[in-house]
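As structure tokens, the structure follows; a few thoughts come after it.
Every read-out reported here was derived from the displayed coordinates using simple, explicitly stated rules and does not represent laboratory data. Bear in mind that the values here come from a model prediction, so they are computed numbers and not experimental data. Every residue, glycine among them, receives a Cβ derived from its backbone with ideal geometry; neighbour counts consider all protein chains shown.
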Amino acid sequence: MARSPIKDLTEKEGIASILFIVLCTALALTFPAGLGTSNLAPSASHAVAPWIFGPFQILLLYLPPWLGALVFPLLIIAGLAALPWLVDYLGDKLGQRIFMTLIVLVMVLLIWFMVKEVWWI
């Protein structure tokens with residue numbers, strides 16, 4: 001009885017994955033992580049996350065931790081998850097208008113946070 005080519009393929013992919021993980025682990029253990037400081041590195045007070053996390057970082061900076069780190073992100077995620085049902089409930093035209101308004105609002109807030117961060121540096 002002949003072996004299935006899919007079984008050979010999964011064996012080869014499994015071996016290649018294990019070898020890749022071993023190679024990545026060896027490289028990670030070989031090279032230093034580079035966590036030291038230098039004169040060119042920004043100080044800890046000016047270190048910021050990538051721009052997409054800027055609004056959450058501002059929330060964490062100016063609000064109480066439980067509000068900025070737990071309540072607001074959960075409300076944002078729940079609101080985004082509820083958008084499809086909101087569109088079905090309100091109808092296509094009104095739902096599309098609300099969706100586009102939210103997209104414009106998010107873009108304006110992201111641009112405002114980016115400009116604010118660059119302006120004060």
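Based on what the data block shows, is G95 out of contact with any Cys (no Cβ under 6 Å at 6 or more places or on another chain), small (G, A, S) and surrounded by 12 or more Cβ atoms within 10 Å (Cβ to Cβ)?
So G95 passes the test.
Of the residues in segment 87-121, how many are within 29 Å of Y62 (Cβ to Cβ) and either assigned to a helix (DSSP H, G or I) or in contact with a strand residue (DSSP E or B) (Cβ under 9 Å, 6 or more places away or on another chain) (or both)?
23
Please go through segment 69-83 and pick out each residue that is out of contact with any Gly (no Cβ under 9 Å at 6 or more places or on another chain) and either in a loop (DSSP other than H, G, I, E, B) or surrounded by 11 or more Cβ atoms within 10 Å (Cβ to Cβ) (or both).
Listed by number, the residues that qualify are A69, L70, V71, F72, P73, I76, G79, L80, A82.
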